[in-house]
Amino acid sequence: MPSHAIPTGSVRVARSNNRCRSICFAMSRSSAFDRSLLPDALAEIAILADTHHTRPDDPSTVEFASRKKQAARARHALDLAASLGTDDMVHLGDLIQDYPDGSDFAQSFAKVGKELRQRHPGLKLVAGNHDVGDKPDVRMPTHPTTASGLQVFHRIWGRSWYRFRVGEVAAYVLNTQIMNTTLAANRRQRAWFEKSLGQEKQKRLLLFIHLPLYLSAPDEPDIGHYDNLGEPDRTWLMRLIRRYRFESVFAGHVHYRFFDRIGRTRYATLGSPSFTRPGFGHLFASAAPPERGRDDRAKLGFALLRIHRRGSSLHWIRTEAREPTDPPPEGRRVLTPVSGERARSPLGFTLCHALSSRHEIPLVWPATIRQPIRNDQPLLALAELGTGWIRTSWRDFLDPFQEERLRILKDEGVALVALVDLPEISAFLKNRERILPVVSGIELRLATGETIEPSVARRLGCIGARRRKLTLSPILPGMTVPGKQHPRTRTAWQFDELAPVRAMVTRAGLAVDRWRILAPPDPLPIDGADGVDLAVEFTDNDRANILEASWGLAQVAAGRGRRLSVYPVRDLDRTMDLHHGILDTLCNPRPVFGVLRLLNAILFAPGNGLCPASKLTGTRNGWVLTGTDGTAYRFIQSRTGKRARSRTGRSESKLYDLSGGTVRTISGERAVDTAVDGYFLIVIKNS
């Protein structure tokens with residue numbers, strides 16, 4: 001195993017049998033993924049969960065149409081994960097749809113296991129309930145794990161608890177299905193784990209399990225709960241996780257993503273590439289997803305864990321129910337940095353909804369109680385997007401639940417800005433010891449007619465003294481909007497309205513670091529527009545939203561200290577004004593999500609030649625950003641039936657499909673001719 005960082009232009013292939021042995025080789029152009037926008041990593045692990053391979057003759061496939069597609073979806077996801085060339089690949093359990101009570105289980109399990117071990121040598125499998133049996137609760141839908149059922153697994157896959165090493169990281173796999181049982185295997189696993197941790201020489205530890213420790217809270221009930229580990233072994237395991245300071249814990253089983261922290265340990269429950277579980281659709285204020293929530297395709301995928309010298313980053317690779325027979329994308333899929341993986345990301349959002357919310361799955365099969373759950377989809381999406389910062393009400397930090405979720409988002413690399421209206425400044429300052437340690441900045445909002453008195457400016461001095469940036473923004477009611485009966489309220493200045501505001505602030509003796517302005521239709525001047533947050537407010541037109549957000553990012557890239565502030569994160573569809581977000585009402589990505597993800601990664605990649613002296617020309621419909629090294633970044637859009645043409649330089653250029661998330665290389669001078677519906681960025685190197 002190489003002890004040095006492996007460049008992002010390399011691929012790692014694991015050839016192991018519960019041991020890690022890696023081979024490094026240069027990435028070929030036929031590789032399915034492009035890593036050029038990612039920082040280096042010491043090692044990588046692909047993590048899948050709950051593939052549920054089905055047999056062609058399985059009668060249960062008639063229950064749901066999507067069940068017939070599970071095997072193909074699983075095969076595509078596994079092949080895609082293998083094409084990443086990671087150091088290891090881990091499957092978090094539930095390999096097949098058959099369950100251990102079935103008469104054909106052993107044969108099906110052995111057949112799929114043999115096929116996967118041939119196609120993916122070194123694949124690590126975690127024992128799940130569809131692999132060995134349910135947890136020991138008589139309320140569960142199938143029988144608990146037995147010694148004979150466990151033998152089937154051990155004969156095919158080897159012992160169900162083991163350790164493997166990835167670089168300087170020690171990874172442990174445990175069998176949650178035998179916990180809280182009287183099986184001798186449980187006693188052996190428990191003794192082995194405690195002894196191994198006591199002798200562990202590696203300081204960085206990972207844990208892979210099938211059953212989640214919990215979904216909503218560590219003290220949630222487990223009797224009749226289908227989706228968590230029971231007591232007393234839950235408490236035993238969590239105590240060891242805290243004691244030995246595991247870096248990350250990964251679980252599967254629920255086919256939905258959840259995210260939490262156990263102390264400083266990242267605790268991620270992963271989704272499935274095959275199907276979603278119906279009950280969890282009750283998280284959303286929307287109509288049910290297809291097949292009563294079982295076929296929410298936008299949520300399907302698998303994870304990529306990238307291990308760095310300090311910490312790690314977790315990527316979600318969406319498979320969207322694709323199958324091996326589907327035509328491959330034109331070009332390579334581009335992997336982009338998640339929040340915190342790269343220091344420079346000016347992309348920000350306004351939280352109109354609270355970051356998270358708590359719900360219950362109704363009392364429905366397969367559980368026999370109402371199961372408490374939490375909506376972590378917005379938090380996960382913001383991190384996936386590479387978000388740099390968010391702005392939210394200062395009162396969110398007084399709510400213990402919201403404060404906890406915001407702290408977790410901060411731990412993932414997203415800076416927090418607290419919004420405070422001027423009349424509430426005294427109440428805010430009374431709570432500053434609670435809020436200021438969490439936030440990186442304060443945004444003070446002034447309504448029409450309000451002025452900042454010198455006494456307020458002095459009291460706000462504590463913010464600057466603690467190195468918290470102060471942003472100023474307006475609340476301007478009475479703005480006439482065509483087609484609306486009532487005037488609307490604007491929450492950003494026009495750029496040419498800043499001069500008198502700055503004069504007022506200077507008279508008050510207040511030190512302001514940033515100003516919130518509307519993203520203008522024309523390029524901002526290089527001088528006088530430093531330190532501004534460009535506000536983009538989405539409408540219900542996805543195409544217009546993409547153009548506005550892309551233009552805003554281009555203006556940010558062309559200036560010094562600028563940031564983009566997008567409103568909202570999630571759809572607002574039952575209000576006076578319709579606003580699409582980056583997520584719809586099911587918290588699935590809208591088209592602008594993918595465009596922002598890729599464009600943000602490209603424009604703010606280290607060493608790309610863009611700086612405050614970069615030249616921006618054009619409009620939101622099409623623009624060119626030219627770096628100091630002569631590299632041109634050309635944004636074009638194309639509609640179905642209408643061809644968009646653009647000429648490249650003589651040297652090698654890259655064509656990014658911002659909608660599809662892919663890139664392909666174009667060599668030599670040629671005209672790029674796109675006839676598909678979408679948005680593209682051509683990066684033309686100076687020849």
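The angle separating the long axis of helix 400-411 from the principal Cα axis of greatest extent in the chain is about 90 degrees. The phi-based Karplus calculation (6.51 cos²θ - 1.76 cosθ + 1.60; θ = phi - 60°) puts the 3J(HN,Hα) values of region 511-521 at 8, 9, 8, 9, 9, 9, 10, 6, 5, x, x Hz, whole numbers, x for Gly and Pro.
Under the rule of -39500 (n - 2.57) per DSSP H run of 4 or more residues, summed and divided by the residues of the chain, what mean residue ellipticity at 222 nm is obtained, to the nearest 500 deg cm²/dmol?
After summing the helix terms and dividing by residue count, I get -6500 deg cm²/dmol.
Rank by packing, highest mean first: peptides 268-280, 350-362, 590-602, with packing defined as the count of other Cβ atoms within 10 Å averaged across residues. Let's see the in-between values first.
Details: 268-280: 25.5, 350-362: 17.2, 590-602: 23.8.
Ranking, from highest mean packing down: 268-280, 590-602, 350-362.
For region 374-450, which GluC sites (Glu not before Pro) are both in a DSSP coil and crowded by at most 15 other Cβ atoms within 10 Å? Could you put the intermediate results ahead of the total?
Numbers: sites: E384, E403, E404, E412, E424, E433, E443, E450; in loops: E412, E450.
Answer by residue number: E450.
Farthest toward the positive end of the dipole of the chain, out of T491, F397, L84, is the Cα of L84, where the dipole comes from beta carbon charges about the Cα centre.
What shape does the chain have by the C-alpha gyration tensor, where a ≥ b ≥ c are the square roots of the eigenvalues, rounded means a/c under 1.5, and otherwise prolate means a/b greater than b/c and oblate the rest? Please report the intermediate quantities before stating the final value.
Details: a/c = 1.87, a/b = 1.47, b/c = 1.27.
The shape class here is prolate.
Taking θ as phi - 60° and the Karplus parameters 6.51, -1.76 and 1.60, the scalar couplings of region 419-430 work out to 8, 9, 6, 3, x, 9, 5, 5, 5, 5, 5, 5 Hz in sequence order, x denoting glycine and proline. The string of couplings for region 167-174 from the Karplus curve (6.51, -1.76, 1.60, θ = phi - 60°) is x, 8, 10, 9, 10, 10, 10, 10 Hz, one whole number per residue in order, with x for Gly and Pro.
Each peptide among 295-301, 112-118 gets the average number of other Cβ atoms lying within 10 Å of its residues, and from highest to lowest they stand as 295-301, 112-118. Close amide H partners of R490, meaning residues 5 or more places away or on another chain with modelled amide H under 5 Å apart, are L476, M479.
Toward the positive end of the charge dipole of region 199-261, with +1 on the Cβ of Lys and Arg and -1 on the Cβ of Asp and Glu, the farthest Cα among P232, Y214, S248 is that of S248. Computed about the Cα centre, the dipole magnitude for the chain is approximately 1900 debye when only Lys and Arg (+1) and Asp and Glu (-1) carry charge, each at its Cβ. Compute the acute angle (0 to 90°) between the alpha-carbon long axis of helix 147-157 and the principal axis of greatest extent of the alpha-carbon atoms of the chain; round to the nearest 10°. Helix 147-157 sits roughly 70 degrees off the main axis of the chain. Distance between the C-alpha centres of region 487-562 and region 138-192: 56 Å, rounded to the whole angstrom. Compared with the dominant principal axis of the Cα atoms in the chain, helix 591-603 is inclined by about 70°.
Arrange the peptides 473-479, 311-317 so that the one whose residues have, on average, the most other Cβ atoms within 10 Å appears first. It would help to have the intermediate numbers written out before the result.
Details: 473-479: 14.7, 311-317: 19.6.
Ranking, from highest mean packing down: 311-317, 473-479.
What are the trypsin sites (Lys or Arg not before Pro) within region 171-250 that DSSP puts in a loop, where the Cβ has at most 11 other Cβ atoms within 10 Å? Taking region 171-250 and a limit of 11 other Cβ atoms within 10 Å, the loop trypsin sites (Lys or Arg not before Pro) found are K201, K203.
When the pairs K195/K410; K124/K195; K135/K299; K195/K299; K124/K201 are compared against a 31 Å limit on Cα-Cα distance, K195/K410; K195/K299 fall above it. Taking a ≥ b ≥ c as the square roots of the eigenvalues of the Cα gyration tensor of region 543-610, is the shape rounded (a/c under 1.5), prolate (a/b larger than b/c) or oblate? Cα axes put region 543-610 in the prolate bin. The trypsin sites (Lys or Arg not before Pro) of region 483-564 include none that meets both conditions, a loop assignment by DSSP and at most 10 other Cβ atoms within 10 Å of the site Cβ. Placing +1 on each Lys and Arg Cβ and -1 on each Asp and Glu Cβ, with no other charges, gives region 541-597 a dipole about its Cα centre of roughly 340 debye.
Where a number appears in this text, it was derived from the coordinates with a stated rule and is not lab data. Just so you know, these numbers come straight off a predicted model, no measurement behind them. Note: ideal-geometry Cβ built from the backbone for every residue, glycine included; neighbour counts use all protein chains shown.
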